[in-house]
1. How far apart, in nm, are two points set 7 Å out from the Cα along the Cα-to-Cβ line at residue 27 and at residue 145?
2. In whole Hz, with x marking every Gly and Pro, tabulate ³J(HN,Hα) for the range 101-116 from phi via Karplus 6.51 cos²θ - 1.76 cosθ + 1.60, θ = phi - 60°.
3. For 26, 117, write out the residues from largest to smallest accessible area, computed with a 1.4 angstrom probe and no ligands counted.
4. Which FRET efficiency, nearest 0.05, do residue 126 and residue 69 yield, Cβ-Cβ r, R0 22 Å?
5. Between residue 19 and residue 85, what is 0.36 nm times their sequence separation minus the Cα-Cα distance? Round to one decimal in nm.
6. Please work out the FRET efficiency for the pair residue 152 and residue 40, using the Cβ-Cβ distance as r and a Förster radius of 41 Å; give the result to the nearest 0.05.
7. Take residue 49 and residue 97, extend 7 Å from each Cα along the Cα→Cβ direction, and tell me the distance between the two endpoints in nm.
8. Give me the angle, in degrees from 0 to 90, between the Cα long axis of helix 67-84 and the longest principal axis of the Cα atoms of the chain, rounded to the nearest 10.
Amino acid sequence: VVEVAEESGVAGKAVRWWRLSGKPLIDENGDFWGYRGSSIDISAEFERQRDAQQQSQYDALTGLANRAMLKDRMTQALASADRLQHAVAVLFIDLDHFKQINDTLGHNAGDEVLCQIGQRISQLLRKTDTLCRQGGDEFLPGRSRARPERWQPAARRALSSSLWPVHRPWHRRPAASK
């Protein structure tokens, strides 16, 4: 019995995933004639697994790595650093007074600020770096094979980018009436 999940798709149509199970058909001369079996569409199951994998490693709001992924990447980076004798750098960025944004402009505005700050910082990092949103208003960029002469300027740029004005697509919520 052969069981496979294979991708099939036509341009402009959704990709479907199938699990096939069957037996080869062999005639009395030992020649292959084909397969007899069944298939089942496992696309929904595949999507659920992919979504669970995404949620286990990425922050739902920003799409950045979460602390579980950062831990995994930093564990690998530290093992590599020990083996190859190079440095690892991790920067902790906490947005001061972030609660005021949520309190005065609302949580949607706070969410937008977090997303914009995360995008800014990630644009300043190498593709091989990891940027994690640890939770709340805390970001942790990490780099393996870090050289201080290159990581320190990147860290300064990351910190200064969080000070740039934020594009405000939201509106101030009205003050509560008493």
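The values are calculated or read from the model by the stated rules, or taken from the named source; none is laboratory data. Source: prediction; values computed, not measured. Every residue, glycine among them, receives a Cβ derived from its backbone with ideal geometry; neighbour counts consider all protein chains shown. Surface accessibility is based on the protein's heavy atoms, side chains included, excluding ligands, DNA and RNA. Shrake-Rupley method; radii C 1.70, N 1.55, O 1.52, S 1.80 Å.
1. 5.8 nm
2. So the Karplus estimates, Gly and Pro as x, are 5, 4, 5, 9, 10, x, 5, 4, 5, x, 4, 5, 4, 4, 5, 5 Hz.
3. Working: 26 95, 117 5 Å².
Listed by decreasing accessible area, they come as 26, 117.
4. 0.85
5. On the way: separation 66, 0.36 × 66 = 23.76 nm, distance 4.58 nm.
Full extension of this stretch gives 19.2 nm more.
6. Details: r = 55 Å, r/R0 = 1.34.
The calculated FRET efficiency here is 0.15.
7. 5.0 nm
8. It works out to around 90 degrees.
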